[in-house]
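Peer 1: Take this structure, written in structure tokens, and hold onto it; I'll ask about it next.
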Amino acid sequence: MESDMKFNKLNIYLLVIVLLLTVMLLTDQKFLPAKNPLPQFSPSNTDLIGTVMSLIKTDYLEEPNPVRITEGAYRGLVNSLDPLSAYLDKDLATRFLNRKEPARNTGLVIFKKYGLFPMVIAVAETSPAAAAGLKVGDNISAINDRSTMTLSLLETRLLLEAEPGVNGQQPIRLRVVRGSETLELEVNRDFSWKDSLNLKGGPSGLVRLHPTSIYEGLAKEVSRTLAARLKTRPAPRAAVLDLRDCWGGDYEEARKLINLFVREEEAGYLESRNQKQPLSCPEQPAFPQLRLFVWVNQATCGPAEVIAGVLKDLNRAQTIGLETPGLAGLQESYPLSDGSLVVLTTAVFSLKSGTRLWDNSLPLDARIPYSEKMDKTYLDKTLNLLTSKK
């Protein structure tokens, strides 16, 4: 009798999952954000889902865990949409909603697509991750023995952050794949990213500005710093906006920073399903004639990609570096009745020329290879462009 009840309960769970997947597949163009071309699903797809579920029910080695299957279905549906959409279970949803910025973490910047391991794209110099020996290009296959393959980028970031009330010096275990090696590393989570603008001089009158993120108040700080440097003698011939490893921040602040160098009523567009909102930089720029270069790399994300992309697109700056990940989009959160959370991408950014900065690198004037002496490579390429005809 008890086994029959369990069997009937399992049937109900599997039926719910089949119905959920069927509805999502048949209404996929309404379900997914943006305007990506999508395959057309036929009734045969729903037949396949039913067949798979039937095989699991009748032939799988053990009795399936209905809760785990349901959660896996939700996670797969949402996490596979794009790198920034995510399904969070109740525990991670609570952590996400209650997190305080800046959250203590390992000092890693990662990029992840569904079905792939998270890849390290930057390591803060003085962070626990750097002390543990993690490097750009490493792949993280497990966090505290939990496989990262089906996790979203957001889930992975949350797991790399210290939980509220937990000592950040309590290490987490990372399984790292580096080439043909697999490493087991322990890393503390007591690092905090600090908003700052670093000013660096250079040869031939170059002044280099390197923000750690596109934080609130950055545009005013850049304006003050550049104005002061331009009063010195000899005045700088050009400025470098170094946006390498600049992966977080605010899109409104990005707009203000762009407006320091160019005036444009429609500098680009934030496109959602039903509207196209222009990015407007209407004020008189403070530095309309200053020669400008923008440095980018694999960890230049979101608002920083918008800055570099717009300045390049409007012929106001020359971009130098490595291809960027294409993560210029906005997300919205949708709480579910069981306490879990769905985060969906609801708008993406396009340049005035029509190029999307979503799942595409921003256009580059000069691509450079990755090397151990990146500063010198960037500087040499910048000086070559500075001395050549613009």
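FYI, it's all coordinate maths here, none of it is from the lab. Values in this document were obtained by computation on a predicted structure and should not be read as measured data. Glycine also receives a Cβ, built like all others from the backbone with ideal geometry; neighbour counts cover every protein chain displayed.
Peer 1: Write out the GluC sites (Glu not before Pro) in region 297-390 meeting two conditions: DSSP loop, and at most 15 other Cβ atoms within 10 Å of their Cβ.
Peer 2: Details: sites: Glu305, Glu323, Glu332, Glu372; in loops: Glu323, Glu372.
The qualifying sites are Glu323, Glu372.
Peer 1: Something else now. Once label points are set 7 Å from the Cα along Cα→Cβ at both Leu330 and Ser388, what is their separation, rounded to one decimal in nm?
Peer 2: In this crude label model, Leu330 to Ser388 measures out at 3.8 nm.
Peer 1: Also, quick follow-up: Given 0.36 nm per residue, what is the gain on full extension from Lys100 to Thr51 after removing their alpha carbon distance, in nm? Could the numbers behind the result be given before it?
Peer 2: Numbers: separation 49, 0.36 × 49 = 17.64 nm, distance 4.50 nm.
Gain on stretching Lys100 to Thr51: 13.1 nm.
Peer 1: If you don't mind, there's one more thing I want to ask. If all Cα-Cα distances of region 293-363 are sorted into 10 Å bins from 0 onward, what percent lands in each bin, rounded to whole numbers?
Peer 2: So the P(r) values, bin by bin, are 21, 45, 19, 11, 4.
Peer 1: Taking 0.36 nm per residue of sequence separation and subtracting the Cα-Cα distance, how much length would be gained by fully extending the chain between Asp91 and Ser204, in nm to one decimal? Could you put the intermediate results ahead of the total?
Peer 2: Working: separation 113, 0.36 × 113 = 40.68 nm, distance 5.40 nm.
Working it through step by step, the gained length comes to 35.3 nm.
Peer 1: What are the semi-axes of the equivalent ellipsoid for region 69-182, taken as the square roots of 5 times the Cα gyration tensor eigenvalues, largest first, in whole Å? If you can, show how the numbers build up before the last one.
Peer 2: Details: eigenvalues 97, 68, 28 Å².
Working through the eigenvalues yields semi-axes of 22, 18, 12 Å.
Peer 1: Per 0.36 nm of contour for each residue apart, how much would the distance between Lys135 and Ser196 grow if the chain were fully extended, relative to their Cα-Cα spacing?
Peer 2: On the way: separation 61, 0.36 × 61 = 21.96 nm, distance 2.32 nm.
Between Lys135 and Ser196, full extension yields an extra 19.6 nm.
Peer 1: Another question about this same structure. Please compute the contact order of region 91-138 in relative form: average sequence separation of alpha-carbon pairs under 8 Å and at least six residues apart, divided by the residue count, as a percent. Please list the in-between numbers first.
Peer 2: Values: 47 pairs, mean separation 14.0, N = 48.
Once divided by the residue count of region 91-138, the mean separation gives 29 percent.
Peer 1: Given a Förster distance of 22 angstrom, what is the FRET efficiency for Ala228 paired with Lys376, based on the Cβ-Cβ distance and rounded to 0.05?
Peer 2: Details: r = 27 Å, r/R0 = 1.23.
Once rounded, the FRET efficiency stands at 0.25.
Peer 1: Can you give me the pair-distance distribution of region 128-189, C-alpha pairs, 10 Å bins, whole percents?
Peer 2: Histogram of Cα-Cα distances, whole percents per bin: 21, 57, 21, 1.
Peer 1: Taking Cα centroids, how far is region 349-374 from region 101-134 in Å?
Peer 2: Distance between centres, Cα-based: 22 Å.
Peer 1: As an exercise, use a Förster radius of 56 Å and the Cβ-Cβ distance of Gln284 and Thr150 to find the FRET efficiency, rounded to the nearest 0.05.
Peer 2: 0.65
Peer 1: May I pose another question? Considering just Cα atoms, how many Å³ per residue does the convex hull of region 268-390 enclose? The partial results should precede the final answer.
Peer 2: Working: hull volume 17.6 nm³, N = 123.
Value for region 268-390: 143 Å³ per residue.
Peer 1: Rounded to the nearest 0.05, what FRET efficiency do Glu323 and Leu61 have when you use their Cβ-Cβ distance and R0 = 41 Å?
Peer 2: On the way: r = 44 Å, r/R0 = 1.07.
Computed FRET efficiency for Glu323 and Leu61: 0.40.
Peer 1: If you don't mind, another one. Expressed in whole Å with the largest first, what are the equivalent ellipsoid semi-axes of region 142-231 derived from the C-alpha gyration tensor as the square root of 5 times each eigenvalue? Show your work: numbers first, answer last.
Peer 2: On the way: eigenvalues 295, 61, 30 Å².
Semi-axes, largest first: 38, 17, 12 Å.
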